Amino acid sequence: MGPSGSGKSTLLNVICGLDSPTSGSVTVDGLELAGLSESQLAKYRREAVGLVFQQFHLIPYLSAVENVMLSQYFHSMPDAGEARDALERFGLGHCLDHLPAQLSGGEQQRVCIARALINEPRILLADEPAGNLDEENELAVMQLFKKLHEHGITLIIVTHDPGVGEAVGRIIRLEHGRIAGAAAKEEATPPLPVAEPF
């Protein structure tokens, strides 16, 4: 957490290997990123990291299924059946063939999450995942993240939203590109139940 310009998004870019630190080192799951070639970094991103963006970044002329399959294409082989199953698990079975413009903000964000998880990454990086969502959809996304964490996925969520911060187990505060404080909760406050099934 931290204010705009505190280095939150830069930190995510460094963790996923899109940017290199100006000093120090970055080790993820025992892997030192600085020593990797561009092709090794691309493989690391394909296989170990899922990315969820605030602005969704869905391809406007591709359906929900095709947007999820795009991630598979860069990983190994697209599989429409797997993409459909992933979307159905996130409560999107009713809009598999919808274009992004036909989806609500919450539905678009869940397509993004399905796309990020389709290749079974160990780490999910989310940059302001609730920034464009209303309160109900924010709660739905945070409930989904809680379930993913319970299933063993490491989540790193960047936010300046105190409501999102209340739903996590550990908060690291950034200011001017530096850690200003860290706190772990014994038990994260669970988000409120949501109407839509996941």
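As a summary of the residue check, Tyr73 satisfies the conditions (1) surrounded by fewer than 18 Cβ atoms within 10 Å (Cβ to Cβ); (2) out of contact with any Lys or Arg (no Cβ under 9 Å at 6 or more places or on another chain); (3) in contact (Cβ under 8 Å) with a residue 12 or more places away in the chain except for the one numbered (3).
Scan region 85-94 for residues that are surrounded by fewer than 19 Cβ atoms within 10 Å (Cβ to Cβ) and out of contact with any Phe, Trp or Tyr (no Cβ under 9 Å at 6 or more places or on another chain) and report the count.
Taking region 85-94 first, the residues surrounded by fewer than 19 Cβ atoms within 10 Å (Cβ to Cβ) are 85, 88-89, 91, 93-94.
Those left that are additionally out of contact with any Phe, Trp or Tyr (no Cβ under 9 Å at 6 or more places or on another chain): 85, 88, 93-94.
Total meeting the criteria: 4.
Select, from Ala126, Ala116, Ala188, Ala195, the only residue that is closer than 29 Å to Leu70 by Cβ and either at pLDDT below 85 or in a helix (DSSP H, G or I) (or both). Show your work before the answer.
Working: Ala126 fails: either at pLDDT below 85 or in a helix (DSSP H, G or I) (or both); Ala188 fails: closer than 29 Å to Leu70 by Cβ; Ala195 fails: closer than 29 Å to Leu70 by Cβ.
That would be Ala116, the only listed residue that is closer than 29 Å to Leu70 by Cβ and either at pLDDT below 85 or in a helix (DSSP H, G or I) (or both).
State which residue is nearest to Leu155 (Cα to Cα) when the search covers only region 6-25 and only residues that are assigned to a loop (DSSP other than H, G, I, E, B) and in contact (Cβ under 8 Å) with a residue 40 or more places away in the chain. Result: Cys16. Screening Val111 on (1) under 21 Å from Ile156 (Cα atoms); (2) touching a residue at least 60 places away in the same chain (Cβ under 8 Å) shows it passes everything except condition (2). In region 133-183, the qualifying residues are those that are of a type in the set (D, E, K, R) and touching a Ser or Thr at 6+ places or on another chain (Cβ under 7 Å), and the one that is modelled with the highest pLDDT is Glu175.
Kindly indicate whether Ser39 is more than 14 Å from the chain's Cα centre (by Cα) and closer than 25 Å to Thr159 by Cα. Criteria not met by Ser39. Restricting attention to region 151-164, the residues that are over 15 Å from the mean Cα position of the chain (by Cα) and in a helix (DSSP H, G or I) total 2.
The values are calculated or read from the model by the stated rules, or taken from the named source; none is laboratory data. Owing to the predicted nature of the structure, the values given are computational and were not obtained by experimental measurement. Positions of Cβ are generated from backbone atoms using ideal geometry, with glycine treated the same way; all protein chains shown enter the neighbour counts.
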